[in-house]
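Asker: So that we are looking at the same thing, I have put the structure below in structure tokens.
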Amino acid sequence: NAGVTQTPKFRVLKTGQSMTLLCAQDMNHEYMYWYRQDPGMGLRLIHYSVGEGTTAKGEVPDGYNVSRLKKQNFLLGLESAAPSQTSVYFCASRLTGPRYGYTFGSGTRLTVV
Amino acid sequence: AQTVTQSQPEMSVQEAETVTLSCTYDTSENNYYLFWYKQPPSRQMILVIRQEAYKQQNATENRFSVNFQKAAKSFSLKISDSQLGDTAMYFCAFRDETSYDKVIFGPGTSLSVIP
């Protein structure tokens, strides 16, 4: 019972490099989310998806792109990494309906130098 | 605007004792949902407990219970018989009934359980 799996767990990028973070869930959840967590800033929503083939912007979408080609996967892309994108990234998913809480992945610690 | 406040940045409790973490929120909505999440040093956030605003009965999950005061817009978490594994950051969160994306997280309370 894997839940939400994020890969990689750690990554160091140079400024200007690109990368993709993968989130996979095996719970048949419709809704998936990408958050970033920074000290003193709490959790901030980057992008989210309410179903396969759909994506929407959250609170801090600039510099990121996402895709949800398959229901179980939600990819977060950084096209040209900047030091301001150094953060811990969390993927989450949930069942349809506002009463349901999130199931989170274990996070990806990204450092951009 | 909806806000969530956790006024205790850090707390500590002796093992086996009881501790209460505070959370207040501000909303004009009548129907909404409140959550407590735990983030241990391992980093993964885990849902601890959930409360629906239309339910008067306070939610309970084993050693975790809430004191939900709708009129006061207060949602505190009580941890009974604290264990070392309860050491973590605890986040209070709010979602209104119509929201897909707008979950408001509080700033968190760092709880240390002392042996």
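The numbers here are math on the coordinates, done by the rules we state, and not lab data. Everything numeric here is computed off the predicted structure, so don't read it as measured data. In this analysis, Cβ positions are derived from the backbone assuming ideal geometry, glycine residues included, and neighbour counts consider all displayed protein chains.
Let's see how each residue does on (1) assigned to a loop (DSSP other than H, G, I, E, B); (2) surrounded by 14 or more Cβ atoms within 10 Å (Cβ to Cβ):
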site: A:11; (1), (2): no, yes
site: A:29; (1), (2): yes, yes
site: A:33; (1), (2): no, yes
site: A:37; (1), (2): no, yes
site: A:43; (1), (2): no, yes
site: A:51; (1), (2): yes, no
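Asker: Among the strands (runs of 3 or more DSSP E) confined wholly to the range B:3-115, which include 1 or more residues that are in contact with a Lys or Arg (Cβ under 9 Å, 6 or more places away or on another chain) and at the interface with chain A (Cβ under 10 Å from one of its Cβ atoms)?
Answerer: Per the criteria, B:32-39, B:46-52, B:88-96, B:103-105.
Asker: Within the range A:18-26, does at least one residue satisfy the condition of being surrounded by fewer than 13 Cβ atoms within 10 Å (Cβ to Cβ) and closer than 21 Å to residue B:89 by Cα?
Answerer: no
Asker: Name the single residue, out of those in the range B:64-103 being surrounded by fewer than 20 Cβ atoms within 10 Å (Cβ to Cβ) and of a type in the set (Val, Ile, Thr), that is nearest to the chain's Cα centre (by Cα).
Answerer: B:87
Asker: Something else now. Criterion first (surrounded by 13 or more Cβ atoms within 10 Å (Cβ to Cβ), part of a strand (DSSP E or B), in contact (Cβ under 8 Å) with a residue 12 or more places away in the chain and of a type in the set (S, T, N, Q)) does residue A:106 satisfy it?
Answerer: No, not satisfied.
Asker: In addition: Those residues that are more than 7 Å from every other protein chain (Cβ to nearest Cβ) and either in contact with an Asp or Glu (Cβ under 7 Å, 6 or more places away or on another chain) or of a type outside the set (S, T, N, Q) (or both), I need them from the range A:42-55; list them, please.
Answerer: A:44, A:46, A:47, A:51, A:52, A:53
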